[in-house]
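Bear in mind these aren't lab numbers, they're just calculated from the coordinates by the rules spelled out. Keep in mind that what you see is a predicted model, and the values were worked out from it rather than measured. In this analysis, Cβ positions are derived from the backbone assuming ideal geometry, glycine residues included, and neighbour counts consider all displayed protein chains.
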Amino acid sequence: MNIIFLIDSFLVSFIAKCTIVVTIFGISLGMAAYATYGERKVAAWMQDRRGPNRAGPWGLLQPIADGGKMFFKEDFIPQASEKFLFIMAPGIAMLTALMTSAVIPWGSDILVLGQTIPLQVANVDGGILYILGIVSIGVYGIMIGGWASNNKYSLMGAIRASSQMISYELAMGLSVLAIIMMSGSLNLRDIVHGQEGSLYGLSFLPAGTNWNIFYQPLGFLIFLVCAFAETNRAPFDLPECETELVGGYHTEYSSMKLGFFLFAEYVNMFVSSTVLATVYFGGFSFPGMNMLADNPNLLAAVGFAVLFIKIIFFIFLYMWVRWTIPRFRYDQLMHLGWKSLIPLAIINLVLTGAVMVLKHSITGQW
Amino acid sequence: MQALTNRSKVVSNKQMSLMERIYLPAILKGMSITFMHMFRKRATINYPDQTRPIAPVYRGKHVLKRDDKGAERCTACGLCAVACPAEAITMVAAERQKGEEHLYREEKYAAVYEINMLRCIYCGLCEEACPKEAIFLTDIPTPTYTHRKDYIYGKDMLVEKMDHRYDTSKRQNHLVEKA
């Protein structure tokens, strides 16, 4: 092979990958910033009032004002706290929140300068496992934040948060396991490709409707509830509620460290919505996608836009549920996680396995 | 035994039905209610572009009135300062000189008259205490400032301008003469 061609193709794909990384990073932060704006607007509309509408047209510059406010506050480290851990904790929270967006397929392949480039930062074979692992590490950010504050309320909040997060990870993994059984692979791109056919194989339905939610409604419900619990969002926001724990694990933080904790929560929300959309709602596949098969760039662009519409719907769902339901008491939360969701997820898994074996015995294919 | 009050409620210890224990039907019902609220009319008004109607004797900023000939009515007697529950009013009195008869009504006048609008509670007791019908509260709300010193109103902010008289007839005592 021509060495110049090799270097040239390497260079194109390298630059493309770097562009994708920077774009995804920017999109995550931008979406999280405007999710704060969206949260305030949606909360206001549901409460018969307007949201912020003073900063810029329709209040669109409000997140920038909030960010600026966070920077201008006094950055305070309590004297009796563990200084190194105190500074590291928001960093860990933000790091794990942003790292999960690396394995998500944002769109199908695009054609650039004669090369097909998948719109994904890292197409690892253990995509879902990577995401579950990173979410588990995310618990550390909160635990360390609570411990390093040297404050009994923060510690209580951190303990509650960590026990809540590890309890709901089990049910989350079990519900995703059923999807993995059906798709035959942990790779997120394979899971999305499996949703590109027509629903149940019926020929009168267009391509791109074979979404996993029609096969796993119970699994979707369990995963949704666990996603609410993992991101510490209402009704599972006991770790950070103001009425019970002052501020929970972020009581002692100020300025940008607090900004990082709050921002990491919104980035987590964004990434959970993305994972929900990818695994259950078809990711970047949309009805009628085979009509655009001859124009890969347009297909990728429309797929990306459709994925974003799904993500925005899920973020709206997060906010809708937050402003509707009162929060769970701690023992009710633990009861739900261990004694309701795990048995349900196991039943879902057994049912999925039984149906798959039945299908294999009838049709001879998995 | 009879209940001691007629407001007692019977507490029910019934177990939750299956539909209640799933939580989901109740959650969905609640979510539909919040969703419906998004499409209703908002209760907020865009202040300061829109304001709500106020009473005719609304107590806002203070004004030191002049009489019909243009002389200041305030004689620095200090009754408003004594009446003020928040101790917001301070004044320094001075004697009227030969050539100043058209400026001040009586021989004593207020050379320095200050109201600290941050201390003021807009109760109107100074208006009731004044024997010369000099100080009144208008229906203009105090604007916001960013520095504390801007809130201390001196005579330049309080005495009404000659060409811009405030109508305080609704607040004025009916026995006082017009002059």
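Overview of values
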item	result
GNM flexibility winner over chain A from A:ALA229, A:ALA345, A:ALA301 (Cα, springs under 10 Å)	A:ALA301
Cα-based reach from A:LYS310 at 29 Å (exclusive), listing lysines while leaving out same-chain residues under 8 positions away	A:LYS17, A:LYS41, B:LYS29, B:LYS41
Listed residues A:GLN365, A:GLY26, B:ILE89: farthest to the positive end of the dipole of the protein assembly as shown (Cβ charges)	B:ILE89
Net charge of Cβ neighbours under 15 Å - reference A:LEU276; Lys, Arg +1; Asp, Glu -1	+1
Members of B:LYS98/B:LYS132; B:LYS65/B:LYS149; A:LYS152/A:LYS257; A:LYS83/A:LYS339 lying beyond 30 Å, as alpha-carbon distances in this model show	A:LYS83/A:LYS339
Residues of segment A:288-331 with amide N under 19 Å of a point placed 7 Å along Cα→Cβ from B:ASN13	none
Helical segments meeting 20 Å axial Cα length and Kyte-Doolittle 0.0 threshold in chain A (DSSP H)	A:3-46, A:83-99, A:127-148, A:152-183, A:255-280, A:296-322, A:342-363
Signed unit charges on C-beta, dipole axis of chain A, positive-most listed residue A:LEU111, A:SER255, A:PHE214	A:SER255
Cys with no candidate disulfide partner in chain B (beta-carbon separation under 4.7 Å rule)	B:CYS74, B:CYS77, B:CYS84, B:CYS120, B:CYS123, B:CYS130
Whole-Å distance, taken between Cα centres, linking segment A:135-195 and segment A:5-74	24
Surrounding net charge for A:THR209, when Lys and Arg each add one and Asp and Glu each subtract one, Cβ distance under 15 Å	0
Estimated vicinal HN-Hα couplings, Hz - segment B:96-101 in sequence order (Karplus 6.51, -1.76, 1.60; Gly, Pro = x)	6, 8, 4, x, 10, 5
Neighbour net charge for A:MET319 - beta-carbon separation under 14 angstrom, K R +1, D E -1	+1
Per-residue average of Cβ from other chains inside 10 Å of B:136-142	0
For segment B:1-115, size of Cβ-based charge dipole, Lys and Arg +1, Asp and Glu -1, in debye	1160
Amide hydrogen neighbours beyond the local backbone of B:LYS61, cut-off 5 Å, H modeled	B:THR138, B:ILE140, B:THR142
Per-residue average of Cβ from other chains inside 10 Å of A:320-326	4
Chain lengthening between A:LYS339 and A:ILE64 when straightened (0.36 nm per residue, less Cα-Cα)	94.7 nm
Residues with amide H under 5 Å from that of B:TYR104, placed H, sequence gap 5 or more	B:GLU72
Range of Cα positions in the protein assembly as shown per principal axis (Å), largest first	116, 91, 57
Separation of the A:VAL350 and B:ASP167 label points, Cα + 7 Å toward Cβ, nm	8.4
Most mobile of A:GLY145, A:GLY173, A:GLY127 in a GNM of chain A (Cα contacts under 10 Å)	A:GLY173
Among B:TYR145, B:TYR113, B:TYR166: highest mean-square fluctuation, GNM of chain B, C-alpha pairs under 10 Å	B:TYR145
Calculated FRET value between B:GLU100 and B:ILE121, using beta carbons and R₀ = 41 Å, to 0.05	0.75
Alpha-carbon centroids, segment A:284-335 and segment B:1-70: separation in whole Å	33
Cα-based helix-to-principal-axis angle, B:24-37 vs chain B, degrees rounded to 10	30
Charged-residue dipole, Cβ positions (Lys, Arg, Asp, Glu), segment A:65-131 about Cα centre, Debye nearest 20	120
Ratio of the Cα radius of gyration of segment A:199-346 to 2.2 N^0.38 Å, where N counts its residues	1.28
Reciprocal mean inverse distance between Cα atoms of segment B:62-158 - Kirkwood radius, Å	13.9
Dipole moment magnitude, nearest 20 debye, chain A about Cα centre, only Lys, Arg, Asp, Glu C-beta charged	600
Farthest toward positive dipole pole in the protein assembly as shown [+1 Lys/Arg, -1 Asp/Glu at C-beta], among B:VAL159, A:ALA345, A:ILE180	B:VAL159
